[in-house]
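Below is one structure, written out as structure tokens; the observations come after it.
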Amino acid sequence: MPKIATFDDWIDLFRQWQEDIGVDRSIIGDYHFEAKFGDLDSAEIEFGAFAGERKWEGVLQIPDQRI
């Protein structure tokens, strides 16, 4: 299976799967896949050990438990 590194990779794989199972793409029309993200309900972490703290904005902010 090909590695999926980007959203475009996923779209390409999805279209290949549609072709493999015989989906008639004319039914889909001019539908365009795109990533959609809604507004966050809260700026705070809502559960777990970090509940109440500000949500992390990047991977480097995520706590690491290595010693």
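For segment 21-28, the criterion of a residue being in a loop (DSSP other than H, G, I, E, B), modelled with pLDDT of 85 or more, exposed (fewer than 10 other Cβ atoms within 10 Å of the Cβ) and more than 15 Å from the chain's Cα centre (by Cα) is satisfied by at least one position.
Among the residues of this structure, residue 34 does not count as one that is at pLDDT 85 or above, exposed (fewer than 10 other Cβ atoms within 10 Å of the Cβ) and acidic (Asp, Glu). Pairing each residue of segment 52-67 that is free of Cβ contacts under 8 Å to residues at least 24 places away in the same chain and of a type outside the set (Val, Ile, Thr) with any residue that is surrounded by 10 or more Cβ atoms within 10 Å (Cβ to Cβ) and outside any loop (DSSP other than H, G, I, E, B), provided the two are 6+ apart or on different chains, yields C-beta distances under 7 Å for 52/44; 53/44; 54/44; 55/44. Which residues, counting only those in segment 44-67, are surrounded by fewer than 10 Cβ atoms within 10 Å (Cβ to Cβ), within 19 Å of the chain's Cα centre (by Cα) and assigned to a loop (DSSP other than H, G, I, E, B)? Answer for segment 44-67, where residues must be surrounded by fewer than 10 Cβ atoms within 10 Å (Cβ to Cβ), within 19 Å of the chain's Cα centre (by Cα) and assigned to a loop (DSSP other than H, G, I, E, B): 57, 58, 62. Return yes when residue 7 is under 25 Å from residue 58 (Cα atoms) and surrounded by 10 or more Cβ atoms within 10 Å (Cβ to Cβ) and no when it is not. Here the answer is yes, as residue 7 does meet what is asked.
The values are calculated or read from the model by the stated rules, or taken from the named source; none is laboratory data. Quick caveat: nothing in here was measured; it's all calculated off a predicted structure. No Cβ is skipped: glycine too gets one built from the backbone with ideal geometry, and neighbour counts run over all protein chains shown.
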